[in-house]
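A.B. asks: Got a structure for you, questions after.
Values in this text are rule-based calculations from the coordinates and carry no lab data. Since we're looking at a predicted model, the values are computed, not measured. Quick reminder, even Gly has a Cβ in these numbers, built from the backbone with ideal geometry, and neighbours come from all protein chains shown.
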Amino acid sequence: MSAPLAARGVAGVDESGRGPLAGPVIAAAVILDPARPIEGLADSKTLTEAARERLAPLIRARASAWALGSADRAEIDALNILQATLLAMRRALLALPVRPAHVQIDGNRAPSLEDLQCTVETVVRGDATVAAIGAASILAKTHRDALMRALDRVHPGYGFARHKGYGTAAHLAALERLGPSSEHRLSFAPVRAALAGARR
């Protein structure tokens with residue numbers, strides 16, 4: 001039996017990892033508890049790493065509900081990054097312990113959510129203006145950063161712990177030197193170029 005709509009709340013959804021050349025894309029869904037406010041919520045990109053790491057456990061402790069979803073490198077290459085991102089968002093929402101009455105998603109595209117029986121709203125720059133979306137951006141970012149630090153130990157030499165898979169000059173140089181790892185997105189042009197170079 002599902003919870004009454006009035007009790008289910010509003011879920012904010014955001015992602016981390018659309019732009020990097022390697023690793024998964026991570027989405028988070030958060031239903032905040034109005035009785036347990038969290039000071040300092042904002043777009044994760046505008047916060048320092050220390051601030052994100054301080055806020056993430058507060059969000060997990062005080063939110064009414066939260067969940068993560070992901071799409072891995074193979075799914076990104078098979079579907080394209082937009083569709084993989086929407087898939088990760090859908091997985092995060094399905095993983096919530098309650099079904100929200102309303103969903104607010106950062107950006108201008110939303111996954112298919114008809115089976116959740118909720119209303120859906122896209123909010124451009126929602127991570128900066130909607131507290132629940134900001135909270136989701138922080139959970140997604142901190143979780144993905146931790147995954148990339150772990151991948152740095154599995155695939156040393158690329159600098160994943162520093163740049164988190166983004167296409168920095170150091171990362172591109174490592175790609176040219178080492179070729180792509182199993183975590184690199186082969187559908188992304190710089191990775192394809194590095195793979196072509198490695199095969200010559």
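A.B. asks: Along the principal axes of its C-alpha atoms, what lengths does the range 8-89 span, in descending order and rounded to whole Å?
C.D. replies: Taking the Cα atoms of the range 8-89, the three principal extents are 42, 31, 15 Å.
A.B. asks: Using a simple charge model, +1 on the beta-carbon of Lys and Arg, -1 on the beta-carbon of Asp and Glu, nothing else, what dipole does the range 5-166 show about its Cα centre, in debye to the nearest 20?
C.D. replies: Using only the charged Cβ atoms, the result is roughly 320 debye.
A.B. asks: Mind listing the long-range amide H neighbours of residue 22? Cut-off is under 5 Å, sequence gap 5 or more, other chains count too, H placed in the peptide plane at 1.01 Å from N.
C.D. replies: 185
A.B. asks: Would you order 33, 14, 72 from fewest to most other beta-carbon atoms within 10 Å of each residue's own beta-carbon?
C.D. replies: 33, 72, 14
A.B. asks: Let me ask something else about it. In whole Hz, what ³J(HN,Hα) sequence does the range 74-81 give by Karplus (6.51, -1.76, 1.60; θ = phi - 60°), x for Gly and Pro?
C.D. replies: Each residue's phi maps through the Karplus curve to give 5, 5, 4, 5, 6, 9, 5, 5 Hz.
A.B. asks: If each DSSP helix of 4+ residues adds -39,500 (n - 2.57) and the sum is divided by the residues in the chain, what number results at 222 nm, nearest 500 deg cm²/dmol?
C.D. replies: For the chain, the value works out to -14000 deg cm²/dmol.
A.B. asks: Still on this structure: Which whole-percent values make up P(r) of the chain when all C-alpha to C-alpha distances are grouped in 10 Å steps starting at zero?
C.D. replies: 10, 35, 32, 17, 6, 1, 0
A.B. asks: Compute a Gaussian network model of the chain, connecting alpha carbons closer than 10 Å, and tell me which residue from 37, 111, 24 fluctuates the most.
C.D. replies: For the chain, modelled as a Gaussian network with Cα springs under 10 Å, the answer is 37.
A.B. asks: Still on this structure: Given 10 °C and 1.306 mPa s, how large is the Stokes-Einstein diffusion coefficient of the range 89-196 in µm²/s, with Rh as the Kirkwood radius over Cα pairs?
C.D. replies: 98 µm²/s
A.B. asks: Picking from 142, 129, 85, which is most flexible by a Gaussian network model of the chain using Cα springs under 10 Å?
C.D. replies: 129
A.B. asks: Can you work out the Karplus-derived ³J(HN,Hα) for every residue in the range 145-151? Use 6.51 cos²θ - 1.76 cosθ + 1.60 with θ = phi - 60°, whole Hz, and x for glycine or proline.
C.D. replies: 4, 5, 4, 5, 5, 5, 5
A.B. asks: Name the residue, out of 55, 172, 87, whose mean-square fluctuation peaks in a Gaussian network model built on the chain with Cα pairs under 10 Å.
C.D. replies: 172
A.B. asks: Using the Karplus curve 6.51 cos²θ - 1.76 cosθ + 1.60 with θ = phi - 60°, work out ³J(HN,Hα) for each residue of the range 153-161 in order, rounded to whole Hz, and write x for Gly and Pro.
C.D. replies: 6, 7, 10, x, x, 8, x, 3, 5
A.B. asks: Amide H of residue 122: which non-local residues (sequence gap of 5 or more, or other chain) have their own amide H closer than 5 Å, using H built in the peptide plane?
C.D. replies: Distant-sequence amide H within range of residue 122: 105.
A.B. asks: Measure nothing but the geometry: give the 0 to 90° angle between the long axis through the Cα atoms of 189-199 and the longest principal axis through the Cα atoms of the chain, rounded to 10°.
C.D. replies: 30 degrees
A.B. asks: Run the numbers on the chain and let me know its relative contact order in percent, using alpha-carbon pairs under 8 Å that are six or more apart.
C.D. replies: 29 percent
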